[in-house]
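Single-structure report; data block below.
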Amino acid sequence: MSASVLRSGGGAVVDALVAHGVDTVFGIPGTHNLAIYAALEASSIKHVTPRHEQGAGYAADGYARLSGRPGVVVTTTGPAILNASAAAAQAYSDSVPVLFIAPGMPSDHPSGYNGLLHEVRSQIDAMSAVVAHAQRVTSVAEIPHAVAQCFAAMTTGRPRPAYLEIPLDLLEAQAEVVAEAPVVVPSIVPAESVVAAAAEVIASAQRPLIVAGGGASRATAEVLAFAEKLDAPVVTTANGKAVVREDHPLALGAGVPLEVTLDLVRDCDVVVAVGTELAPADWWWGPMPATRLVRIDIDPLAVATNAIPEVAVVGDAAAVLADLTERLAPVTGRADSGADRAAAWRPRLIEDARTIGAAYVGLAESLAEVLDDDAVIVADQTMSCYYGLMGNLPRYAPRSFMYPSGLGTLGYSLPAGIGAMVSTPGRQVVAVIGDGGVMFSLPELATAAQAGIALPVVVVDNGGYGEIRNEMVDRDETPIAVDLPTPDFAGVARALGCHGVDAASYAEVGPAVRAAFAADRPTLIYVREPAI
C-alpha cells in the first residue's frame, strides 16, 4: 500500500495526472485554480495556454484524437468552464476522451446564490449535461481516487469526456494523500453465441459491404484483415476515413455522406457496420435500406440506434473482428470479387463526391500534391471540408481526417490542429477552416505562434456563412445575416505572430502549405472560393 504524503489539493490533482501518464495540459489560470498551476509549474507536465477556454477544449480534443491518449483541460470557475462546455459537448458527440477539471464553489458555500466571484447556480449540473461522467470531490484525500475514476470512465467502453470539480477551498487545503494507480480497464468481450450468430450471417453473404466509423479507427489492422478475408468493399464515415487506406483495392473512401451509397447498400445482401451510429450527423441518407445488418460496437446503446441489426455484437472492435476473421472460411463461389465490386462502384462515388464538392476539387488536388501519406487534415464544420476534402482528398492513415461531426461546432480546426501537433511532433498537420468559422477561434493563432509550431491554417473564404446562405435560398427566402466582410486575414495572422499568405488560387495553396511545414511558426494561407 502506498504511503501517504502531505499535499495541497492542487498538488494532489497534478500528482494524479502525472500518475496517469498525462504529459500535456491545456488551460488558462484564474483566481480560483492557482493552486493547480503552482503544482503544474513544479511538475513534468507541459502546459499550453490557449486564448479562450473553448480553444483549450478543442486543443485537448485534437490531442486525444491523434495520440489516442486522453486530453486534459484545466479552467477556473464559472464563465471559464462554461466557455469550455461546447468543446466538451463536441468531444461527447465524437467519442473523444477529454478530462475537464475546474474549481467549484467552496465546500461550505451556502446552498443559495450569494454572488461569490464566478458563481453559477449549479456548475456541476451544467457540465453533467454535456459529458458522460461528472463528479465533485468532498475532500483533498479523495482527489487521487476521483482522478482515477474519471480516467476509468473515459477509457471503459465508448470513450467520452469527463468532468472533475474540486471545491476551491480544497485546492488550497492540505491533507494526507495516498496515491492511486490507474485502473486497469478490461476489454469488453461479447458472448460466444453472439459472435457465432454474426459469423453465420456474414458467411452467407454473396455481396457483403463493410461500413466503418470512428469506432473502428483504432482497429485498422483488424478491419483490413476482416475485409480481405470476407472479400468485401469498405466504405467509411468522416471519422472512419482511411481506416482502410484509400488506395486499397477494397476501399471506397469516406462515402457515407454520398447519396449513391444507399444504392450501394441496396446492392448488398449483408452489411457489417463497425463502430458507427449510422447517424444523421454522419449524413447517412437514411433510413437504412432493407438488408441483413450486423453491427459491431463498444456501446450497447448505439448498437441498435438508427438501424436495428439482425445481430448486434457489443464488444471491442479489434477483438471482435479478429475473432470473426478467424471463424470465416475462405471465400469461394462468388460471381464477383470484392475488388471487382469496389472497382465498379468507385467511379460512381467519385463522381458524386466531385459533383457535390465541385467548388473544392482544386483545393483537394493542390493539397494532395504536398502531403505525406500520414499527414493529418483537421477539418472544420465548413463546406470546403464536408463537401470538398472529405470525399475528394484521399487519405492513407487512420485518424488522418479529424472532423467535428455530431455537434458540428464551428471554430474547431485551428485549436484542434494545435493539440494534434503538440501530441505528435514531426507529423504533418493542416487545419482547414472557413472564413466564418475561423472568426470563432482566430485568437488561437497567437497560441500556435507562442508554441512555435509550423501549422498551416488554410482559410477558405466564401463570403460568410455559405451553407446557411444556400439553405435560405433553397427556402426561397432572401439571405439575411450570412454575408460577412472579409478582413485582411493574412495581415491579422502576422499581427498575431504568424506568417500570412494570400493565395490567388487553389493551385497556390499546396506550395504554400509545403513552405509552411518548414516555417519557424504557423502560417495562415488565405484563399477565396472560386465561382463555379
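Taken together, the values in this text are just the output of simple stated rules run on the coordinates, not laboratory data. Nothing here was measured: the structure is a model prediction, and the numbers come from that model. Reconstructed Cβ throughout: ideal geometry from the backbone, glycine too, with neighbour counts over all protein chains shown.
Report ³J(HN,Hα) in whole Hz for each residue of region 246-256, in order, from the Karplus equation J = 6.51 cos²θ - 1.76 cosθ + 1.60 where θ = phi - 60°; Gly and Pro get x.
So the Karplus estimates, Gly and Pro as x, are 7, 9, 6, x, 8, 7, 10, x, 7, x, 4 Hz.
So how long is each side of region 63-178 along the principal axes, counting just the alpha-carbon atoms, biggest first, in Å?
40, 33, 19
Calculate one ³J(HN,Hα) per residue across region 77-88 by plugging θ = phi - 60° into the Karplus curve 6.51 cos²θ - 1.76 cosθ + 1.60, and present them in order as whole Hz with x for glycine and proline.
Working through the residues one at a time gives 6, x, x, 5, 6, 5, 4, 7, 5, 5, 5, 5 Hz.
Among DSSP beta bridges lying fully in region 357-528, give the percent that are antiparallel, nearest 5. Before the final figure, lay out the partial values.
Working: 1 of 22 bridges.
Percentage antiparallel, nearest 5: 5.
Scan (i) 23.9, 76; (ii) 28.6, 101; (iii) 25.4, 96 for the value of Rg and Dmax of the Cα atoms in Å calculated from this model and give just the label.
Entry (i).
Using only the Cα atoms of region 475-532, each taken as one equal point scatterer with no solvent, compute I(q) by the Debye sum, divide by I(0), and report log10 of the ratio at q = 0.14, 0.19, 0.29 Å⁻¹.
With no solvent term, the Cα-only Debye profile gives -0.50, -0.74, -1.19.
Return a whole-number percent for the relative contact order of the chain, with Cα pairs under 8 Å and 6 or more residues apart as the contact set. Numbers along the way, then the final one.
On the way: 1274 pairs, mean separation 72.7, N = 532.
Once divided by the residue count of the chain, the mean separation gives 14 percent.
Of the listed peptides 92-102, 416-426, what is their order by residue-averaged count of other C-beta atoms within 10 Å, with the highest listed first?
Values: 92-102: 25.8, 416-426: 23.9.
Highest to lowest by the protection proxy: 92-102, 416-426.
Which one of Val195, Val320, Gly255 has its Cα pushed farthest toward the positive end of the charge dipole of region 192-344, where Lys and Arg give +1 and Asp and Glu give -1 at the Cβ?
Gly255
What is the ratio of the Cα radius of gyration of region 387-532 to 2.2 N^0.38 Å, with N the residue count, to two decimals?
1.05
Would you kindly compute the Cα radius of gyration of region 110-241 and its largest Cα-Cα separation (Dmax), both in Å?
Taking only Cα atoms of region 110-241, I get Rg and Dmax of 22.6, 68 Å.
For the chain, what is the mean residue ellipticity at 222 nm derived from helices alone (per DSSP H run of n ≥ 4: -39500 (n - 2.57); sum divided by total residues; nearest 500 deg cm²/dmol)?
Theoretical 222 nm ellipticity from helices: -10000 deg cm²/dmol.
Compute the relative contact order of region 186-261 as a whole-number percentage, counting only Cα pairs closer than 8 Å that sit 6 or more residues apart in sequence.
In percent, rounded to a whole number, it is 26.
Report for the chain the percent antiparallel among DSSP-assigned beta bridges with both residues inside it, nearest 5. Each step should come with its number before you reach the end.
Working: 6 of 64 bridges.
Antiparallel bridges make up about 10 percent of those DSSP assigns within the chain.
Quick one: Val473, Val243, Val457, fewest Cβ neighbours within 10 Å first, how do they rank? Don't skip to the answer; put the middle values down first.
Values: Val473 12, Val243 33, Val457 29.
Neighbour counts put them in this order, fewest first: Val473, Val457, Val243.
By count of other Cβ within 10 Å, fewest leading, how are Thr478, Thr220 ordered?
By the 10 Å Cβ count, ascending: Thr478, Thr220.
Would you pull out the residues with amide H under 5 Å of Tyr163's amide H, same chain only if 5 or more places away, H placed 1.01 Å from N?
Phe100, His133, Ala134, Gln135
Once you have the Kirkwood Rh of region 329-462 from its Cα pairs, apply Stokes-Einstein at 10 °C and 1.306 mPa s and quote D in µm²/s. Before the final figure, lay out each step's value.
Values: Rh = 16.2 Å.
It comes out at roughly 98 µm²/s.
Taking the number of other C-beta atoms within 10 Å as the exposure measure, put Phe26, Phe151 in order starting with the fewest.
Lowest to highest Cβ neighbour count: Phe151, Phe26.
Residues with amide H under 5 Å of Val177's amide H, sequence separation 5 or more or different chain, H placed in the peptide plane at 1.01 Å from N; which?
Val5, Leu6, Arg7
Any chance you could get the radius of gyration and Dmax over the Cα atoms of region 192-344, in Å?
Calculated on Cα positions, Rg and Dmax stand at 13.5, 38 Å.
Choose one of Ala134, Val178, Gly27: the residue whose Cα lies farthest towards the positive end of the charge dipole of the chain (beta-carbon charges +1 Lys, Arg; -1 Asp, Glu; about the Cα centre).
Looking along the dipole axis, the top candidate is Val178.
Just need the relative contact order of region 4-178 here, percent rounded to a whole number, with Cα pairs under 8 Å and 6+ apart.
30 percent
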